Amino acid sequence: MPSKYTDRKLSARYPTDLPAWKALTDHCKSSMRGKHLRDLFARDKKRAQRFSFKACDLALDYSKNHVNTTTMKHLAQLANQADVPAAIEAMFAGEKINKTEDRAVLHVALRSKISDMVALDTPGVREVWEVLTNMEAFVDGVHSGKIRGSTRKKITDIVNIGIGGSDLGPVMASRALRPCWKAGFRYHSVSNIDGTQLEDLKEELDPERTLFVVCSKTFTTQETMVNARAARDWIVEKLDAVAVQYHFVAASTNHEALDDFGIRSDYRFGFWDWVGGRYSMWSAVGLSLALVVGMDVFRRVLAGGRHMDLHFRQSPMDENMPVLLALLGVWYNNFFGAQSQAILPYTNRLDRFPAYLQQLQMESSGKSVRMDGKPVRCATGMVIWGEAGSNAQHSFMQLMHQGTRFVPVDFLLPGTSKLATANCRAQAQALMEGTTDKSLPAWRVHEGNRPSNTIHFSKLTPETLGQLIALYEHKVFVEGVIWGIDSFDQWGVELGKKLAQG
Ligand code: F6P
(Lines give C-alpha, C1' and ligand atoms only; values in the text may rest on other atoms or scores of the structure.)
Protein backbone atom coordinates (compact mmCIF):
# COMPACT_ATOMS: atom_id res chain seq x y z
CA MET A 1 0.00 0.00 0.00
CA PRO A 2 1.58 3.30 -1.06
CA SER A 3 1.69 5.75 1.82
CA LYS A 4 1.26 9.43 2.50
CA TYR A 5 4.83 9.91 1.26
CA THR A 6 4.83 7.91 -1.98
CA ASP A 7 1.45 9.30 -2.90
CA ARG A 8 2.21 12.89 -2.11
CA LYS A 9 1.50 15.53 -4.75
CA LEU A 10 3.93 18.39 -4.70
CA SER A 11 2.58 21.87 -5.28
CA ALA A 12 4.16 23.83 -8.12
CA ARG A 13 6.23 25.90 -5.69
CA TYR A 14 7.07 23.13 -3.20
CA PRO A 15 8.88 23.41 -0.79
CA THR A 16 9.06 27.21 -0.93
CA ASP A 17 5.34 27.52 -0.24
CA LEU A 18 5.44 25.53 3.00
CA PRO A 19 4.56 27.74 5.98
CA ALA A 20 7.81 26.79 7.73
CA TRP A 21 9.85 27.73 4.63
CA LYS A 22 8.24 31.16 4.64
CA ALA A 23 8.77 31.51 8.39
CA LEU A 24 12.44 30.58 7.96
CA THR A 25 12.85 33.13 5.16
CA ASP A 26 11.52 35.91 7.40
CA HIS A 27 13.37 34.67 10.46
CA CYS A 28 16.65 34.51 8.54
CA LYS A 29 16.31 38.09 7.29
CA SER A 30 14.97 39.64 10.45
CA SER A 31 16.78 37.77 13.19
CA MET A 32 19.75 35.71 12.07
CA ARG A 33 21.58 37.35 9.18
CA GLY A 34 24.11 39.85 10.43
CA LYS A 35 24.20 38.34 13.93
CA HIS A 36 27.65 37.29 15.05
CA LEU A 37 28.02 33.81 16.52
CA ARG A 38 30.23 35.38 19.17
CA ASP A 39 27.28 37.45 20.38
CA LEU A 40 24.96 34.45 20.43
CA PHE A 41 27.42 32.75 22.78
CA ALA A 42 27.86 35.88 24.90
CA ARG A 43 24.11 36.20 25.36
CA ASP A 44 23.45 32.59 26.26
CA LYS A 45 25.88 30.97 28.67
CA LYS A 46 24.19 27.62 28.22
CA ARG A 47 24.36 27.74 24.43
CA ALA A 48 26.94 24.97 24.09
CA GLN A 49 24.74 22.58 26.13
CA ARG A 50 21.49 23.78 24.60
CA PHE A 51 22.63 23.01 21.07
CA SER A 52 24.34 19.66 21.66
CA PHE A 53 23.01 16.18 21.93
CA LYS A 54 23.94 12.53 21.74
CA ALA A 55 22.68 9.77 19.52
CA CYS A 56 24.17 6.28 19.73
CA ASP A 57 27.87 6.87 20.46
CA LEU A 58 28.03 10.18 18.62
CA ALA A 59 27.78 13.57 20.28
CA LEU A 60 26.81 16.45 18.02
CA ASP A 61 27.74 19.98 19.02
CA TYR A 62 25.84 22.31 16.71
CA SER A 63 26.12 25.39 18.90
CA LYS A 64 28.51 27.12 16.46
CA ASN A 65 25.75 27.55 13.90
CA HIS A 66 23.63 30.54 12.94
CA VAL A 67 20.65 29.24 14.86
CA ASN A 68 18.62 29.98 17.95
CA THR A 69 15.70 28.12 19.48
CA THR A 70 13.27 29.78 17.06
CA THR A 71 15.36 28.64 14.07
CA MET A 72 15.38 25.09 15.37
CA LYS A 73 11.63 25.18 15.96
CA HIS A 74 10.94 26.35 12.38
CA LEU A 75 13.38 23.81 10.96
CA ALA A 76 11.67 20.95 12.83
CA GLN A 77 8.33 22.23 11.50
CA LEU A 78 9.80 22.21 8.00
CA ALA A 79 10.71 18.54 8.39
CA ASN A 80 7.19 17.74 9.54
CA GLN A 81 5.51 19.80 6.83
CA ALA A 82 7.73 18.15 4.19
CA ASP A 83 6.47 14.74 5.40
CA VAL A 84 9.86 13.54 6.57
CA PRO A 85 8.33 11.20 9.22
CA ALA A 86 6.15 9.57 6.54
CA ALA A 87 9.14 9.31 4.19
CA ILE A 88 11.18 7.53 6.88
CA GLU A 89 8.39 5.04 7.44
CA ALA A 90 7.96 4.53 3.69
CA MET A 91 11.65 3.65 3.36
CA PHE A 92 11.62 1.15 6.24
CA ALA A 93 8.36 -0.34 4.93
CA GLY A 94 10.04 -1.13 1.60
CA GLU A 95 7.89 1.20 -0.49
CA LYS A 96 9.28 2.09 -3.89
CA ILE A 97 10.58 5.48 -2.85
CA ASN A 98 13.16 5.42 -5.64
CA LYS A 99 10.41 6.35 -8.06
CA THR A 100 12.41 6.99 -11.22
CA GLU A 101 13.90 3.48 -11.03
CA ASP A 102 10.72 2.00 -9.56
CA ARG A 103 12.64 0.44 -6.66
CA ALA A 104 12.52 0.15 -2.91
CA VAL A 105 15.47 1.58 -0.97
CA LEU A 106 16.47 -0.93 1.65
CA HIS A 107 20.10 -0.59 2.64
CA VAL A 108 18.60 -0.39 6.14
CA ALA A 109 17.49 -4.03 5.77
CA LEU A 110 21.10 -5.08 5.20
CA ARG A 111 22.01 -4.15 8.75
CA SER A 112 18.72 -4.96 10.44
CA LYS A 113 17.97 -7.92 12.66
CA ILE A 114 15.19 -10.16 11.44
CA SER A 115 13.25 -9.17 14.58
CA ASP A 116 13.27 -5.52 13.38
CA MET A 117 10.91 -6.74 10.63
CA VAL A 118 12.27 -4.31 8.05
CA ALA A 119 10.33 -4.93 4.83
CA LEU A 120 10.48 -8.72 5.19
CA ASP A 121 7.94 -9.11 2.38
CA THR A 122 10.13 -7.37 -0.17
CA PRO A 123 11.70 -10.02 -2.44
CA GLY A 124 15.29 -10.63 -1.40
CA VAL A 125 15.11 -9.20 2.11
CA ARG A 126 14.83 -12.61 3.75
CA GLU A 127 18.01 -13.68 1.89
CA VAL A 128 20.09 -10.98 3.59
CA TRP A 129 21.12 -13.17 6.54
CA GLU A 130 21.85 -16.17 4.32
CA VAL A 131 24.29 -14.10 2.22
CA LEU A 132 25.97 -12.88 5.41
CA THR A 133 26.34 -16.48 6.56
CA ASN A 134 27.85 -17.45 3.21
CA MET A 135 30.21 -14.49 3.36
CA GLU A 136 31.22 -15.57 6.84
CA ALA A 137 32.04 -19.10 5.73
CA PHE A 138 34.13 -17.73 2.88
CA VAL A 139 35.94 -15.13 4.96
CA ASP A 140 36.68 -17.63 7.74
CA GLY A 141 37.85 -20.13 5.13
CA VAL A 142 40.34 -17.64 3.71
CA HIS A 143 41.59 -16.72 7.18
CA SER A 144 41.97 -20.30 8.37
CA GLY A 145 43.66 -21.35 5.15
CA LYS A 146 40.89 -23.74 4.19
CA ILE A 147 40.35 -21.62 1.10
CA ARG A 148 43.63 -21.08 -0.73
CA GLY A 149 45.01 -20.04 -4.08
CA SER A 150 45.34 -22.46 -7.01
CA THR A 151 48.83 -23.55 -5.95
CA ARG A 152 47.58 -24.15 -2.36
CA LYS A 153 49.44 -21.13 -1.02
CA LYS A 154 47.65 -19.12 1.65
CA ILE A 155 45.98 -15.90 0.49
CA THR A 156 47.59 -12.77 1.92
CA ASP A 157 46.52 -9.94 -0.41
CA ILE A 158 42.97 -8.81 -1.04
CA VAL A 159 42.41 -6.56 -4.06
CA ASN A 160 39.03 -4.86 -4.44
CA ILE A 161 38.21 -4.09 -8.07
CA GLY A 162 35.25 -1.73 -8.40
CA ILE A 163 34.38 1.93 -8.80
CA GLY A 164 32.02 4.47 -7.22
CA GLY A 165 29.93 2.75 -4.58
CA SER A 166 31.68 -0.52 -5.33
CA ASP A 167 35.01 1.00 -4.30
CA LEU A 168 34.65 4.05 -2.07
CA GLY A 169 32.79 2.36 0.81
CA PRO A 170 34.99 -0.70 1.31
CA VAL A 171 38.16 1.28 0.65
CA MET A 172 37.22 4.07 3.07
CA ALA A 173 36.20 1.55 5.75
CA SER A 174 39.30 -0.61 5.30
CA ARG A 175 41.47 2.44 5.98
CA ALA A 176 39.29 3.51 8.91
CA LEU A 177 39.55 0.07 10.49
CA ARG A 178 43.27 -0.50 9.87
CA PRO A 179 43.86 -1.58 13.52
CA CYS A 180 41.36 -4.41 12.97
CA TRP A 181 43.16 -5.96 9.99
CA LYS A 182 43.89 -9.65 10.43
CA ALA A 183 47.58 -10.34 10.85
CA GLY A 184 49.21 -11.37 7.61
CA PHE A 185 46.61 -9.74 5.33
CA ARG A 186 46.91 -6.65 3.18
CA TYR A 187 44.25 -4.60 1.39
CA HIS A 188 44.52 -2.95 -2.03
CA SER A 189 42.11 -1.41 -4.47
CA VAL A 190 41.86 -0.78 -8.18
CA SER A 191 39.25 1.58 -9.61
CA ASN A 192 40.47 3.98 -12.30
CA ILE A 193 40.34 3.06 -15.96
CA ASP A 194 43.86 4.06 -16.95
CA GLY A 195 45.38 0.81 -15.70
CA THR A 196 48.10 2.33 -13.56
CA GLN A 197 46.82 1.08 -10.20
CA LEU A 198 47.00 -2.54 -11.30
CA GLU A 199 50.30 -1.93 -13.06
CA ASP A 200 51.85 -0.72 -9.80
CA LEU A 201 50.23 -3.45 -7.73
CA LYS A 202 51.55 -6.19 -9.98
CA GLU A 203 55.06 -5.18 -8.90
CA GLU A 204 54.34 -5.98 -5.27
CA LEU A 205 51.77 -8.79 -5.44
CA ASP A 206 52.43 -12.50 -5.51
CA PRO A 207 49.75 -13.92 -7.86
CA GLU A 208 49.69 -17.18 -5.91
CA ARG A 209 48.65 -15.34 -2.76
CA THR A 210 46.30 -12.74 -4.27
CA LEU A 211 42.52 -12.77 -4.21
CA PHE A 212 40.68 -10.30 -6.45
CA VAL A 213 37.24 -9.24 -5.25
CA VAL A 214 35.36 -7.88 -8.26
CA CYS A 215 32.53 -5.68 -7.06
CA SER A 216 29.97 -4.36 -9.44
CA LYS A 217 26.25 -4.21 -8.99
CA THR A 218 25.71 -4.31 -12.75
CA PHE A 219 28.94 -6.14 -13.70
CA THR A 220 28.98 -4.02 -16.84
CA THR A 221 30.74 -0.89 -15.60
CA GLN A 222 33.52 -0.22 -18.08
CA GLU A 223 36.24 0.70 -15.57
CA THR A 224 35.63 -2.37 -13.44
CA MET A 225 35.39 -4.74 -16.37
CA VAL A 226 38.59 -3.41 -17.94
CA ASN A 227 40.47 -3.78 -14.66
CA ALA A 228 38.98 -7.19 -13.85
CA ARG A 229 39.92 -8.53 -17.30
CA ALA A 230 43.45 -7.14 -16.95
CA ALA A 231 43.76 -8.84 -13.55
CA ARG A 232 42.44 -12.08 -15.03
CA ASP A 233 44.98 -11.89 -17.89
CA TRP A 234 47.72 -11.45 -15.30
CA ILE A 235 46.59 -14.50 -13.31
CA VAL A 236 46.37 -16.59 -16.50
CA GLU A 237 49.82 -15.43 -17.57
CA LYS A 238 51.49 -16.00 -14.19
CA LEU A 239 49.57 -19.14 -13.18
CA ASP A 240 47.12 -20.66 -15.67
CA ALA A 241 43.49 -20.44 -16.84
CA VAL A 242 42.25 -22.81 -14.12
CA ALA A 243 43.65 -20.45 -11.46
CA VAL A 244 40.97 -17.87 -12.30
CA GLN A 245 38.51 -19.97 -10.31
CA TYR A 246 40.66 -19.70 -7.19
CA HIS A 247 41.73 -16.09 -7.41
CA PHE A 248 38.50 -14.27 -8.28
CA VAL A 249 35.44 -13.77 -6.16
CA ALA A 250 32.59 -11.40 -6.98
CA ALA A 251 29.79 -9.32 -5.49
CA SER A 252 27.12 -8.54 -8.03
CA THR A 253 23.44 -8.74 -8.94
CA ASN A 254 24.23 -9.87 -12.52
CA HIS A 255 24.62 -13.66 -12.50
CA GLU A 256 24.86 -14.09 -16.28
CA ALA A 257 27.82 -11.74 -16.46
CA LEU A 258 29.49 -13.68 -13.62
CA ASP A 259 29.09 -16.88 -15.66
CA ASP A 260 30.70 -15.20 -18.64
CA PHE A 261 33.61 -13.92 -16.57
CA GLY A 262 34.26 -17.33 -15.06
CA ILE A 263 33.40 -16.75 -11.41
CA ARG A 264 32.53 -20.08 -9.82
CA SER A 265 29.16 -20.32 -8.15
CA ASP A 266 30.45 -20.72 -4.57
CA TYR A 267 32.67 -17.62 -5.01
CA ARG A 268 29.71 -15.33 -5.80
CA PHE A 269 27.83 -13.18 -3.35
CA GLY A 270 24.64 -11.54 -4.43
CA PHE A 271 22.60 -8.56 -3.48
CA TRP A 272 19.41 -6.97 -4.72
CA ASP A 273 18.15 -4.12 -6.87
CA TRP A 274 16.99 -2.25 -3.74
CA VAL A 275 20.63 -1.72 -2.71
CA GLY A 276 21.90 1.44 -4.40
CA GLY A 277 25.59 1.48 -5.39
CA ARG A 278 26.54 4.25 -2.96
CA TYR A 279 24.58 2.53 -0.18
CA SER A 280 26.03 -0.90 -0.84
CA MET A 281 29.02 -1.36 1.45
CA TRP A 282 26.71 -3.08 3.96
CA SER A 283 26.00 -5.82 1.39
CA ALA A 284 28.31 -8.31 -0.32
CA VAL A 285 30.08 -5.21 -1.70
CA GLY A 286 31.69 -5.14 1.76
CA LEU A 287 33.30 -8.54 1.13
CA SER A 288 36.82 -7.18 0.57
CA LEU A 289 36.49 -5.25 3.83
CA ALA A 290 35.28 -8.36 5.65
CA LEU A 291 38.19 -10.31 4.17
CA VAL A 292 40.71 -7.99 5.72
CA VAL A 293 39.03 -7.24 9.08
CA GLY A 294 37.09 -10.44 9.64
CA MET A 295 33.38 -11.05 9.67
CA ASP A 296 33.00 -10.27 13.36
CA VAL A 297 34.27 -6.75 12.76
CA PHE A 298 32.13 -6.40 9.62
CA ARG A 299 29.08 -7.37 11.66
CA ARG A 300 30.02 -4.71 14.22
CA VAL A 301 29.95 -2.10 11.44
CA LEU A 302 26.47 -3.36 10.52
CA ALA A 303 25.43 -3.14 14.18
CA GLY A 304 26.60 0.48 14.28
CA GLY A 305 24.51 1.27 11.20
CA ARG A 306 21.48 -0.43 12.72
CA HIS A 307 21.89 1.52 15.93
CA MET A 308 21.66 4.78 13.97
CA ASP A 309 18.69 3.41 11.99
CA LEU A 310 16.78 2.77 15.21
CA HIS A 311 17.53 6.29 16.40
CA PHE A 312 16.49 7.74 13.02
CA ARG A 313 13.28 5.78 12.88
CA GLN A 314 12.21 6.34 16.46
CA SER A 315 13.20 9.92 17.29
CA PRO A 316 11.06 13.03 16.79
CA MET A 317 12.29 15.55 14.25
CA ASP A 318 13.84 17.87 16.81
CA GLU A 319 15.80 15.11 18.55
CA ASN A 320 16.91 13.21 15.50
CA MET A 321 20.58 13.58 14.58
CA PRO A 322 20.38 12.80 10.84
CA VAL A 323 17.32 15.06 10.55
CA LEU A 324 19.13 17.83 12.40
CA LEU A 325 22.18 17.64 10.16
CA ALA A 326 19.90 17.70 7.12
CA LEU A 327 17.98 20.71 8.41
CA LEU A 328 21.20 22.61 9.07
CA GLY A 329 22.29 21.68 5.54
CA VAL A 330 19.03 23.05 4.13
CA TRP A 331 19.35 26.16 6.31
CA TYR A 332 22.75 27.08 4.92
CA ASN A 333 22.06 25.91 1.39
CA ASN A 334 18.67 27.49 0.87
CA PHE A 335 18.64 30.44 3.26
CA PHE A 336 22.31 31.48 3.43
CA GLY A 337 23.23 30.57 -0.15
CA ALA A 338 26.11 28.24 0.81
CA GLN A 339 27.50 26.49 -2.24
CA SER A 340 29.70 23.96 -0.56
CA GLN A 341 30.35 22.15 2.67
CA ALA A 342 33.64 20.85 4.02
CA ILE A 343 34.04 17.57 5.88
CA LEU A 344 37.13 17.54 8.07
CA PRO A 345 37.85 14.36 10.01
CA TYR A 346 40.49 14.81 12.70
CA THR A 347 41.89 11.34 12.26
CA ASN A 348 43.91 10.20 9.32
CA ARG A 349 42.08 6.89 9.47
CA LEU A 350 39.07 8.72 7.98
CA ASP A 351 41.09 10.25 5.16
CA ARG A 352 38.79 8.75 2.50
CA PHE A 353 35.60 9.67 4.35
CA PRO A 354 35.23 13.01 2.51
CA ALA A 355 35.56 11.19 -0.84
CA TYR A 356 33.01 8.63 0.31
CA LEU A 357 30.60 11.43 1.29
CA GLN A 358 31.17 13.17 -2.03
CA GLN A 359 29.58 10.29 -3.89
CA LEU A 360 26.94 9.76 -1.24
CA GLN A 361 25.82 13.37 -1.20
CA MET A 362 26.58 14.64 -4.68
CA GLU A 363 25.29 11.60 -6.59
CA SER A 364 22.19 11.57 -4.38
CA SER A 365 21.44 15.29 -4.25
CA GLY A 366 22.87 16.62 -7.50
CA LYS A 367 19.44 16.94 -9.09
CA SER A 368 17.54 19.79 -10.72
CA VAL A 369 14.31 17.92 -11.43
CA ARG A 370 11.91 16.80 -8.73
CA MET A 371 10.51 13.33 -8.27
CA ASP A 372 7.40 14.41 -10.23
CA GLY A 373 9.48 15.52 -13.22
CA LYS A 374 9.03 19.24 -12.57
CA PRO A 375 12.00 21.58 -12.08
CA VAL A 376 13.16 22.01 -8.49
CA ARG A 377 12.19 25.30 -6.86
CA CYS A 378 15.29 25.76 -4.76
CA ALA A 379 18.99 24.91 -4.75
CA THR A 380 19.72 21.23 -4.08
CA GLY A 381 22.95 19.38 -3.21
CA MET A 382 25.98 21.40 -2.20
CA VAL A 383 29.51 20.66 -3.36
CA ILE A 384 31.09 18.40 -0.74
CA TRP A 385 34.81 18.42 -0.18
CA GLY A 386 37.31 17.85 2.55
CA GLU A 387 40.43 16.24 3.83
CA ALA A 388 41.82 14.82 7.05
CA GLY A 389 42.06 17.71 9.53
CA SER A 390 45.71 18.62 9.96
CA ASN A 391 46.36 18.32 6.24
CA ALA A 392 43.39 20.62 5.62
CA GLN A 393 44.71 23.19 8.09
CA HIS A 394 47.94 23.43 6.19
CA SER A 395 46.39 23.74 2.76
CA PHE A 396 42.92 25.12 2.14
CA MET A 397 41.76 26.41 5.52
CA GLN A 398 43.15 29.87 4.80
CA LEU A 399 40.20 30.32 2.45
CA MET A 400 37.77 29.16 5.08
CA HIS A 401 39.11 31.57 7.71
CA GLN A 402 39.60 34.69 5.62
CA GLY A 403 38.24 34.08 2.13
CA THR A 404 35.05 35.47 0.63
CA ARG A 405 33.26 32.10 0.53
CA PHE A 406 30.82 30.89 3.12
CA VAL A 407 31.70 27.27 3.84
CA PRO A 408 29.92 25.45 6.68
CA VAL A 409 32.07 22.67 8.13
CA ASP A 410 31.48 19.30 9.75
CA PHE A 411 34.38 18.36 12.01
CA LEU A 412 34.57 14.66 12.89
CA LEU A 413 36.51 14.20 16.09
CA PRO A 414 37.49 11.01 17.85
CA GLY A 415 38.85 11.58 21.33
CA THR A 416 41.97 9.51 20.85
CA SER A 417 44.61 12.14 20.13
CA LYS A 418 45.04 15.12 22.45
CA LEU A 419 46.87 17.10 19.79
CA ALA A 420 44.26 16.40 17.12
CA THR A 421 41.51 17.35 19.57
CA ALA A 422 43.25 20.61 20.48
CA ASN A 423 43.67 21.48 16.80
CA CYS A 424 40.12 20.59 15.86
CA ARG A 425 38.67 22.64 18.70
CA ALA A 426 40.97 25.53 17.86
CA GLN A 427 39.81 25.53 14.23
CA ALA A 428 36.14 25.46 15.19
CA GLN A 429 36.69 28.26 17.71
CA ALA A 430 38.72 30.39 15.30
CA LEU A 431 36.10 30.01 12.58
CA MET A 432 33.34 30.96 15.00
CA GLU A 433 34.97 33.72 17.11
CA GLY A 434 37.52 35.24 14.82
CA THR A 435 39.66 38.01 16.30
CA THR A 436 38.50 40.94 18.40
CA ASP A 437 41.81 42.78 18.71
CA LYS A 438 41.19 46.17 17.09
CA SER A 439 44.92 46.92 16.77
CA LEU A 440 45.50 44.19 14.19
CA PRO A 441 46.27 45.20 10.59
CA ALA A 442 43.43 44.33 8.18
CA TRP A 443 45.18 41.29 6.74
CA ARG A 444 45.49 39.71 10.19
CA VAL A 445 41.85 40.13 11.10
CA HIS A 446 39.68 37.04 11.25
CA GLU A 447 36.06 38.05 11.01
CA GLY A 448 34.88 34.75 12.39
CA ASN A 449 31.14 34.07 12.26
CA ARG A 450 31.79 30.94 10.19
CA PRO A 451 29.67 27.99 11.25
CA SER A 452 30.56 24.41 12.04
CA ASN A 453 29.24 21.22 13.55
CA THR A 454 31.47 18.96 15.58
CA ILE A 455 30.66 15.29 15.82
CA HIS A 456 32.57 13.73 18.70
CA PHE A 457 33.04 10.05 19.46
CA SER A 458 35.41 8.60 21.97
CA LYS A 459 37.07 6.21 19.52
CA LEU A 460 36.80 5.22 15.87
CA THR A 461 35.48 1.69 16.25
CA PRO A 462 33.59 -0.54 13.80
CA GLU A 463 30.40 0.56 15.58
CA THR A 464 31.08 4.31 15.47
CA LEU A 465 32.10 4.02 11.83
CA GLY A 466 28.80 2.30 11.04
CA GLN A 467 26.92 5.01 12.93
CA LEU A 468 28.71 7.80 11.08
CA ILE A 469 27.99 6.32 7.67
CA ALA A 470 24.32 5.71 8.46
CA LEU A 471 24.08 9.23 9.93
CA TYR A 472 25.11 10.79 6.62
CA GLU A 473 23.04 8.36 4.53
CA HIS A 474 19.92 9.44 6.39
CA LYS A 475 20.93 13.10 6.31
CA VAL A 476 21.06 12.95 2.52
CA PHE A 477 17.69 11.21 2.35
CA VAL A 478 16.01 13.84 4.55
CA GLU A 479 17.41 16.71 2.48
CA GLY A 480 16.08 15.03 -0.66
CA VAL A 481 12.61 14.63 0.86
CA ILE A 482 12.55 18.33 1.70
CA TRP A 483 13.62 19.31 -1.82
CA GLY A 484 11.22 16.81 -3.42
CA ILE A 485 13.94 14.97 -5.38
CA ASP A 486 14.72 11.27 -5.82
CA SER A 487 17.91 10.81 -3.80
CA PHE A 488 18.41 7.26 -5.01
CA ASP A 489 18.77 7.52 -8.78
CA GLN A 490 21.80 8.77 -10.74
CA TRP A 491 20.67 9.38 -14.30
CA GLY A 492 23.17 12.20 -14.64
CA VAL A 493 26.09 9.79 -14.97
CA GLU A 494 24.63 7.88 -17.92
CA LEU A 495 25.20 10.26 -20.84
CA GLY A 496 28.96 10.48 -20.32
CA LYS A 497 29.21 6.68 -20.04
CA LYS A 498 27.39 6.28 -23.34
CA LEU A 499 29.49 8.86 -25.14
CA ALA A 500 32.70 7.24 -23.89
CA GLN A 501 31.65 3.95 -25.42
CA GLY A 502 31.17 5.64 -28.81
O1 F6P B 1 28.43 5.72 -12.73
C2 F6P B 1 27.94 5.80 -11.45
C3 F6P B 1 27.66 4.46 -10.86
O4 F6P B 1 26.57 3.90 -11.49
C5 F6P B 1 27.49 4.55 -9.37
O6 F6P B 1 26.20 4.87 -9.00
C7 F6P B 1 27.93 3.22 -8.90
O8 F6P B 1 28.27 3.25 -7.53
C9 F6P B 1 29.10 2.97 -9.80
O10 F6P B 1 28.74 3.55 -11.04
C11 F6P B 1 29.49 1.54 -9.99
O12 F6P B 1 28.46 0.76 -10.49
P13 F6P B 1 28.56 -0.82 -10.46
O14 F6P B 1 28.57 -1.26 -9.04
O15 F6P B 1 27.34 -1.31 -11.19
O16 F6P B 1 29.82 -1.21 -11.17
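The values are calculated or read from the model by the stated rules, or taken from the named source; none is laboratory data. Predicted model only: the values in this text are computed from it and were never measured. Please note: Cβ atoms are built from the backbone with ideal geometry, for glycine as well, and neighbour counts cover all protein chains shown. Side chains are part of the model used for accessible areas, which takes the heavy atoms of the whole protein and leaves out ligands, DNA and RNA. Shrake-Rupley method; radii C 1.70, N 1.55, O 1.52, S 1.80 Å.
Key figures for this structure:
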| quantity | calculated |
| --- | --- |
| Surface accessible to a 1.4 Å probe, T122 within the full protein complex, Å² | 30 Å² |
| Mean residue ellipticity (222 nm) of the chain, computed from DSSP H runs ≥ 4 via -39,500 (n - 2.57), nearest 500 | -12000 deg cm²/dmol |
| Protein accessible area in the chain, 1.4 Å probe - carbon and sulfur % | 50 percent |
| Length released on extending from D233 to A183, taking residue separation times 0.36 nm less the Cα-Cα span | 15.1 nm |
| Cross-link pairs K113/K418; K73/K418; K113/K217; K146/K238; K73/K475 - those with Cα-Cα distance over 25 Å | K113/K418; K73/K418 |
| Cross-link pairs K22/K96; K99/K497; K35/K374 - those with Cα-Cα distance over 32 Å | K35/K374 |
| Modelled FRET efficiency - R0 35 Å, V493 with K438, Cβ distances, 0.05 increments | 0.10 |
| For M172, solvent-accessible area (1.4 Å; no DNA, RNA or ligand), Å² | 0 Å² |
| Principal semi-axes in Å for the chain [√(5λ), Cα gyration tensor, largest first] | 41, 27, 20 |
| Selected from S166, V190, L40, residue furthest toward positive end of dipole (the chain; charges at beta carbon) | L40 |
| L419, L40, ranked by accessible area, largest first (probe 1.4 Å) | L419, L40 |
| Accessible surface, the stretch 125-299, averaged per residue in Å² (probe 1.4 Å) | 38 Å² |
